[in-house]
Structures are given as structure tokens and as C-alpha cells.
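Below is one structure, written out as C-alpha cells; comments come after it.
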Amino acid sequence: MPLTSATFVVVAMLVAQTIVSMGTLTLPAIAPALARALEVDASAIGYQISIVYAGAMASAALGGSVVQRIGAGRTTQTALAAIAAGMALGTSANIAALMIASLLLGLGYGLSNPAAAELLVRYTPASRRNLIFSLKQTGVPLGGMAAAMVAPGIASTLGWRAALLLVTALAIAMVVLLQFPRSRWDEPGDEPVPLSWAQVFGGISLIWREPSLRYLSLMALCFAAVQLCLMTFTVTLLVAESGYSLVRAGLVLSVVQFAGAIGRIAWGWAADRTRSSTAVLIALGAIMLAATLAVTRIDAGWSVAWILFVFVAMGSTAIGWNGVFLAEVARLASTSHASTATGGALFFTFAGVLLGPSAFAAVYGRLQSYTGTFVVAAILAATGIGLAALSRACRTPPRN
């Protein structure tokens, strides 16, 4: 298979995204065990996730410039190396070390998407871009599913450190494997592109001055906050309030992540078929809102089947929107600005991830109910629907 074929590029970016996602979501999947080791409340995982995405915000803002300077392939390797370093450092049973590790995980996560966007726009057909971006973005729930299925079991048998070291090994292996196609992907330019403040904030500026991109990115801020509340607190909710074991709750989260992976493909297909990405985002937002409101009603009397139904509906939407969103950002921006626009849009996306879990943890501190606190996610979902509608209303023809 040629190293620059669409199939090879999509598969490579999918695997890289899966490992990066697994790195960022392994700690929430073992939050109760980690909390016992650190002697803190399990709800504090919301603050840990916020540190991860503070790092992601910073690297996303730089992402387009980094890709232009060192190439998309090398940037992907750098992202994976940061994940490996963060997981290795996270094995220290020390809160300060865990904070630094979380920042490294975020830096890796933020760099991965602008690099992938650059490669996907360059090597894949525009007519299938919603589906292709959505296929690549299934790496996020697949990584989360892997974390939810593997990490709790390893933590219960071999200790929580072993779960982190597994991800470290996977990330290092992928860095090595990407060395083969990197030289084909990263064609040397005439001059290295220097970093400047204008370049650092160029993506954010590009997003903010285009109303359609601005509202779309603010929608992503809201949807991302819902997504991370779901992925961060599902295991803890089920253990604390529904009597599930850590492994059983992890299995539920893996089903949620699988639903998100299927949702990304399905929503991407629907967006290509309807040629109306924003309408698809509004529709999935409505399902997300209904499912989130249902989560607020869960109690100990709910059957496993009903809990799965509600969380699958929420997972297919709250985790399933990203591919359609990123493809629409790339469509609205010119081809030469795909990585820059993606980095700018992801700055807002990661802002939502930064704020969502922290807001959830803060509200939980007052309500002392994980299910009741999901009303925060419902408010965010409703706001996101309104912002998507505003983006559609002010849409202008894409620049070419």
C-alpha cells in the first residue's frame, strides 16, 4: 500500500488518534483506584482532566504553526512522544507529578488533530471528507473504549501503574512505526517557517473573524464540555450511586465509547448524504440534550438495560459530533489554511473540555449527586444547539 494513499493515511491517523485518546482517558477510567492511592476524592478527576485540556488548548493554538514548521508527520510523532512521557510520569503517586503529566498529555492531544487535518485534506477526496474525518475521529472513542475495557482490569490485577505503562509502550511503538512514512509526508520546504505571535494566534483570529466559524467553534466548546463530563464521570457515577464495581462500570463506559465510534461514522455519513453538516449537528444535539436530561433521573432502581440505553444515546451524540465538526471547519476554511483553522477551532473545543469537568466537579461539591449534576451538561447541550443554528443562519460561501 503506498505510504501516501488515502487508505494508508486514514489508518495511520486513526491508530495514532486512538493511542493519544487512550492516553488522555486512562486516568478517568481508573479514577477510584487512583483516588485511593493519592488519598483524594474521586470527583477530583474533573480537575485533572481540566489540566489535560489546558495543555491541549495551548498546543492546539500552536498546532498549525508547528505543522508548517516541522511537518504533519513529525508533529504526530511529537504528540505521541508527549503522551508516552505523560503516562510514564503519571506513575508517580504524587499530585505535583500528576499535574505535570496531565499537562504533557494535553500537549500531545492538542497537536494530534491539526497534523491529521493537514494530511487528510492533502491526501483524501473532498467529496467524502465528512466520512473520512469521522472515521479518523473514531480514534477518540476507540481509545476511550480501550482505556475503559483494559485499564480497570489491569488496575485491579497488576496495579494502576501497569495500566499507564501499557499506554507508554503503545505510544513509543507508534512513534517508531511512523518514522517510515514521515519522510514521504513531510516534504522539506525552502525555508523553515519561523514561529511568531501572529502565527500562534492566527488560527484563533481566523475562527473569530468568520461568524460561521465562530459560532460553530463555540458550539464545539459546549458539546466538548458535555462529552468530557460523560467520559470523566460515568464510571464514578455508576460506582458511587448505582452500586457498580469498578470493572463493571468500566464495561459500561466501553459500550458508551463504542456507541460514540459508531455515531461518528453514522453522523459523518449522514452529513455527506444530506450535504448539510450543521443540520446534522443540530439533530444530534437534540438527542444529546434528551439523553442528558434522562441521566439526571437515574437512580439505584434503574435496570442495566435502561442505563445502557440512556448512556448509549448520549455516547452516540456527545462523542459522535467531532468528525462532522472538523470536516466542516476544513470546508469553510481554504485548503491552505486547514491545519491553522483546525488548531484555532480546537482551541475553543478544548476550552469547553477545560471548563466542563471543572464546572461539573464544582457543582457536585454543592449538590453531592452525580446524576443531579448532569443538569450542567443539559444546559451546555441546549446552548450548543442554539449556537449551531446561529452558525447556519450566518453561513457564507466557503473560500477557495
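Remarks
- Nearest-20 debye value, the chain charge dipole, Cβ charges on Lys, Arg, Asp, Glu: 660 debye
- Remark: spin-label model distance Glu39-Ala173 equals 3.7 nm, labels positioned 7 Å along the Cα→Cβ axis.
- Label selected from [x] 47; [y] 66; [z] 51, the criterion being percent of Cα pairs over 26 Å apart as computed here: [x]
- Mean-square fluctuations from a GNM of the chain, with a 10 angstrom spring cutoff on Cα atoms, peak among Phe360, Phe180, Phe350 at Phe180.
- Amide H to amide H distances under 5 Å link Asp186 with Gly73, where only residues 5 or more positions off or on other chains count and H is placed in the peptide plane.
- Charge-dipole axis of the chain as Lys and Arg at +1 and Asp and Glu at -1 on Cβ define it, positive-most pick from Leu170, Leu387, Tyr109: Leu387
- Our summary gives the chain a relative contact order of 27 percent, counting only alpha carbon pairs under 8 angstrom and 6 or more residues apart.
- Between the amide H of Tyr244 and those of Val239, distances stay under 5 Å, these residues lying 5 or more places away or on another chain, with hydrogens modeled in the peptide plane.
- For the chain: accessible area per residue (Å², 1.4 Å): 37 Å²
- Prolate/oblate/rounded call for the range 261-368, Cα gyration tensor, a/c under 1.5 rounded: oblate
- When each full DSSP H helix of the chain is screened for a Cα extent of at least 30 Å along its own axis and an average Kyte-Doolittle hydropathy of at least 1.6, the helices passing are 6-29.
- Percent accessible area from carbon and sulfur atoms, the chain, protein chains only, probe 1.4 Å: 67 percent
- Calculated mean residue ellipticity, 222 nm, the chain: -27500 deg cm²/dmol, from DSSP H runs (n ≥ 4) at -39500 (n - 2.57) each, averaged per residue and rounded to 500.
- Chain lengthening between Phe8 and Ser369 when straightened (0.36 nm per residue, less Cα-Cα): 125.4 nm
The values are calculated or read from the model by the stated rules, or taken from the named source; none is laboratory data. As the structure is a computational prediction, the values presented were derived from the model and not from experiment. Because the Cβ atoms are built from the backbone with ideal geometry, glycine has one as well, and the counts that use them run over all protein chains shown. Areas reflect the complete protein model, heavy atoms only, side chains present, ligands, DNA and RNA absent. Shrake-Rupley method; radii C 1.70, N 1.55, O 1.52, S 1.80 Å.
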